[in-house]
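Nothing in this text is a laboratory measurement; each read-out follows from the coordinates by a stated rule. Just so it is clear, the structure is predicted and the values come from calculations on it, not from any experiment. For neighbour counting, all protein chains shown are included, and Cβ atoms are generated from backbone atoms with ideal geometry for every residue, glycine included.
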Amino acid sequence: LLEKNVKVVFVLGGPGSGKGTQCANIVERFGFTHLSAGDLLRAEIKSGSENGTMIQNMIKEGKIVPSEVTIKLLERAMLESENDKFLIDGFPRNEENRAAFENVTGIAPEFVLFFDCAEEEMERRLLNRNEGRVDDNIETIRKRFKVFVESSLPVIEHYSSKGKVHKIDAGKPVSEVFENVKSIFSSFDK
Ligand code: UP5
Ligand code: MG
């Protein structure tokens, strides 16, 4: 991976803050490859992997899957890709994820996007999504919010202290959020 000279942007924010939605726009406009850690874990469940049941149980409880599992999936996806720039969406989710990724891959992110959104708005979005996700019910949503505040916000604070975080108001309509996202990527590309 180091030989590929890979560039990584972490896309972070609470459940339903719009990470996946905005990543799709960034891919189209800026040529990144989108790697959603949650999507990779859900694909791993579907593939019938030996870890599938464990992953499914953790997602249902809103808990964070052991980092070696997630990192392996991310590494594999980056190695298989022809691209050299990646949006890593929804990872790292805790300090252990963060340290393990940096140790195992040797990669530090170029910067971090933080989609900041009120819980009431995120809850509304998740309850309206209707994609059949096992974690889109009010009990699990509450657990996901708690894990986000307790475990994931410290990761954002870590990168913030290094001056790497671009915080975006994600409570606005999709197109307005993307205007702000665009200005960050445009100045980065130069
Ligand atoms: N929507 C989006 N933007 C909108 C806007 N500006 N205005 C109005 N509506 C908007 O959006 C959610 C919904 O809102 C959609 O219907 C969308 O149309 C609408 P989306 O873009 O999907 O938001 P996103 O932030 O991607 O929400 P998601 O639910 O995917 O976030 P999570 O972080 O909760 O989910 P993820 O898939 O990353 O993780 C799921 C679980 O997997 C975790 O809880 C955990 O158990 C496990 N996991 C790990 O263990 N480790 C990992 O590294 C990653 C995941
Ligand atoms: Mg998502």
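Quick check, is ARG125 in contact with a Leu (Cβ under 9 Å, 6 or more places away or on another chain), touching a residue at least 40 places away in the same chain (Cβ under 8 Å), under 20 Å from PRO15 (Cβ atoms) and charged (D, E, K, R)? Taking the combined requirement at face value, the residue does not satisfy it.
Given the structure, is GLY31 within 11 Å of ligand 1 (Cβ to nearest atom), at positive phi and not aromatic (Phe, Trp, Tyr)? Even if it seems obvious, please write down each step before you answer.
Numbers: within 11 Å of ligand 1 (Cβ to nearest atom): no; at positive phi: yes; not aromatic (Phe, Trp, Tyr): yes.
Criteria not met by GLY31.
Return the total of residues in segment 48-98 being within 14 Å of ligand 1 (Cβ to nearest atom) and either of a type in the set (A, V, I, L, M) or in contact with a Gly (Cβ under 8 Å, 6 or more places away or on another chain) (or both). Of the residues in that region, 15 qualify.
Restricting the first member to segment 80-96 and to residues that are in contact (Cβ under 8 Å) with a residue 12 or more places away in the chain and at positive phi, and the second to residues that are within 16 Å of ligand 2 (Cβ to nearest atom) and β-branched (Val, Ile, Thr), the beta-carbon pairs closer than 8 Å and six or more apart or on different chains are GLY90/VAL11.
Quick check on my filter: what residues within segment 99-111 are surrounded by fewer than 16 Cβ atoms within 10 Å (Cβ to Cβ) and either in contact (Cβ under 8 Å) with a residue 40 or more places away in the chain or closer than 26 Å to PHE178 by Cα (or both)?
Taking segment 99-111 first, the residues surrounded by fewer than 16 Cβ atoms within 10 Å (Cβ to Cβ) are 99, 102-104, 106, 108, 110.
Scanning segment 99-111 gives GLY106, ALA108, GLU110.
Right, ALA24: without any contact (Cβ under 8 Å) to a residue 24 or more places away in the chain and within 23 Å of CYS117 (Cβ to Cβ) or not? Yes: the conditions hold for ALA24. Of all residues in segment 112-162, those that are under 17 Å from the mean Cα position of the chain (by Cα), surrounded by fewer than 18 Cβ atoms within 10 Å (Cβ to Cβ), of a type in the set (S, T, N, Q) and within 23 Å of ASN180 (Cα to Cα) total 1.
Considering each residue of segment 42-62 in turn, at least one proves to be within 15 Å of ligand 2 (Cβ to nearest atom), in contact with a helix residue (DSSP H, G or I) (Cβ under 6 Å, 6 or more places away or on another chain) and at positive phi.
For first residues located in segment 50-67 and closer than 19 Å to GLU96 by Cα and among the hydroxyl-bearing types (Ser, Thr, Tyr), partners that are within 16 Å of ligand 2 (Cβ to nearest atom) and not in a helix (DSSP H, G or I) and lie 6+ apart or on another chain with Cβ distances below 6 Å do not occur.
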